[in-house]
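The values are calculated or read from the model by the stated rules, or taken from the named source; none is laboratory data. Just so it is clear, the structure is predicted and the values come from calculations on it, not from any experiment. We place every Cβ from the backbone using ideal geometry, glycine too, and count neighbours over all the protein chains shown. Please note that ligands, DNA and RNA were not included when accessible areas were found on the heavy atoms of the full protein model with its side chains. Shrake-Rupley method; radii C 1.70, N 1.55, O 1.52, S 1.80 Å.
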Amino acid sequence: MTQDVRLTVDTAALAHNVGVLRERAGSALVMVVVKANAYGHGAVESARAFAAAGVDWLGVADLDEALELRRAGITTPVLAWLHAPGETFEQAARHDVTPAVSDLAQLEAAAAAGVRAVHLCVDTGLSRNGAVESEWPALFDRAAELRDVLPVEGLMSHLSNTSPEEDGLQLASFFRASAALGERGIEPPLRHLAASAAALHYEGSHGTMVRFGLAAYGLSPFPDRTSADLGLRPALTMTAPVTSTKRVPAGEGVSYGYLFRPERDTTIAVVPVGYSDGIDRAASDRASVTIGQRTYRVRGRIAMNALVIDVGDDPVEVGDEVVVFGDPALGRQGADDWARASGSITWDVVASLSARLPRSTA
Ligand SMILES: Cc1ncc(COP(=O)(O)O)c(C=O)c1O
C-alpha cells in the first residue's frame, strides 16, 4: 500500500486476553472465533497467536476459512458452522476440520465424507442456522444410528443477546436438546452456546466450552463497560500518515456535500483512509482520531479513500502519524468510539476492515 495505511496487531495483547478469558471461563474449554479474517485482525497471524496462547479450539464460519488455517500449518481443532448448499465435507475430512451440522443432509454428508466427528447445531431461538426443535427427533435419531461411524462430539447453539430473559429461554431450550440427545445415548462432551457477552456476564451459560470472538481481540461486548473494565487489551491499531494539509477559510465547504464549513479559519489534514478500507461512511463528521496525544475530529464526509480532520492551528505536518483507532488506555480512540460515531457496533468496525490493508504483528 503506497499510502502507508497500516494495521498492527499486538500479539502479546491477544495472548493476554486469552489468559483473562480462560480465567473467566472457569472449567469450560475456550474457543476463540477467528472468522471474518479474525475480526479484521488477519486470520492466520491471529490464529497462530491464539494457538500459541493455548486456546482449545478455533471457530470459523465456513470451511474456506478453516482450510486457510490448515494450509498455514495451524493444527488446533477448528470448528466451522455455516455451509454451502450441497457441501460434501470432503475437504473437512481431509484437513481434519470439524463441521457443526444443522440438518440431516449435512449430517449424512459428514458421515459419508468420513469426518472425524461433528457438533450438532440447534436453533434455540436465534432463528438462523441450526435445527429447530421440531427437527430434533429426526436429526438426533439419525445421529444415534450413525454414532459408531460419526461421533457427536458437540452440541452447539447461539444466543440472540436480546435480554437475560430471552437468553434464559434459549438456555432452557439448549438443555432440552441436550436431554433429548441423552435419551438416545449421546452425551456430547462439548456443549457450547455462549459467545463473549454471555460468557462474561453469566456463568450459567458456559456449558463445557465458550466461544469468545470480540473479547479475545480485547474489545468489550458491552456498551457500558470498556475493555479496561474487563481487564482486556485491544490488540488492533490502525494508523495512517497525514498526506496533505491546507488552510481553509471560515465558511468554505469541506469534502463531498459540504457537510462541514468551519466557523473560523482552520487547517485541515487529509488522512488516506476511507470507506473502501472499511471505514464506515456513517461516522462522517462525528468520529475522531489522534495525533500524538491530541484528538481531532473527522470533518465532512468520509470519502472512498480519504477522510479529513480539523487540526485547528496546531502544527500538524505531512507525514505525521494519525492513529485512527487503537487502545483507549493509551489515549487513542477505540474501535468502540468509531462504532458509536457511526451508530454501529464494535464487531462491525473491526470486521469491515478491508482484507487488502497490510497487517503486521507487534
Ligand atoms: C456461532 C458464533 N459463536 C460465537 C461468536 C462470537 O461472538 P462474539 O464476537 O460476540 O464473542 C459468533 C460471532 O458472531 C458466532 O457466530
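Counting Lys and Arg as +1 and Asp and Glu as -1 over every other residue whose Cβ lies under 13 Å from the Cβ of residue 327, the net charge comes to -1.
Carbon-plus-sulfur accessible fraction, region 236-361 (probe radius 1.4 Å, protein heavy atoms only): 47%. Percent of Cα pairs in the chain per distance bin of 10 Å, from zero to the largest separation: 5, 23, 28, 21, 13, 7, 2, 0.
Normalise the Cα radius of gyration of region 236-361 by 2.2 N^0.38 Å (N = residues in it) and let me know the number.
Relative to the 2.2 N^0.38 Å estimate, region 236-361 comes out at 0.99.
The smallest convex shape that holds all Cα atoms of region 11-218, its convex hull, gives 107 Å³ per residue. If only the Cβ of Lys and Arg carry +1 and only the Cβ of Asp and Glu carry -1, the dipole of region 236-361 around its Cα centre is close to 260 debye. With respect to the chain, whose longest principal axis is taken over its alpha-carbon atoms, helix 104-113 is tilted by about 80°. Pairs of C-alpha atoms in region 129-170 farther apart than 14 Å represent 61 percent of all such pairs.
Amide hydrogen proximity for residue 299: with H placed 1.01 Å from N in the peptide plane, the residues at 5 or more positions away or on another chain lying under 5 Å are 285, 308, 309, 310. Rounded to the nearest 20 debye, the dipole magnitude of the chain is 700 debye, with +1 charges on Lys and Arg beta carbons, -1 on Asp and Glu beta carbons, and the Cα centre as origin. Computed over protein heavy atoms with a 1.4 Å probe, the accessible surface of the chain works out to 43 Å² per residue. The angle between the Cα long axis of helix 164-183 and the main principal axis of the chain comes to about 30°, on a 0 to 90 degree scale. Spin-label model, residue 8 to residue 225: label points 7 Å out along the Cα-to-beta-carbon direction sit 2.9 nm apart.
Global dimensions of region 58-119 from alpha-carbon coordinates: Rg and Dmax equal 10.3, 31 Å.
Between 0 and 90 degrees, the angle of helix 11-25 with respect to the longest Cα principal axis of the chain falls at about 50 degrees. Positive contributions from Lys and Arg (+1) and negative ones from Asp and Glu (-1), summed over other residues with Cβ under 14 Å from the Cβ of residue 282, come out at 0. The overall shape of region 1-90 is oblate: from the C-alpha gyration tensor, with semi-axes ordered a ≥ b ≥ c, the ratio a/c is 1.5 or greater and a/b is no larger than b/c. Summing charges over all other residues whose Cβ lies under 12 Å from the Cβ of residue 297, with Lys and Arg as +1 and Asp and Glu as -1, gives 0.
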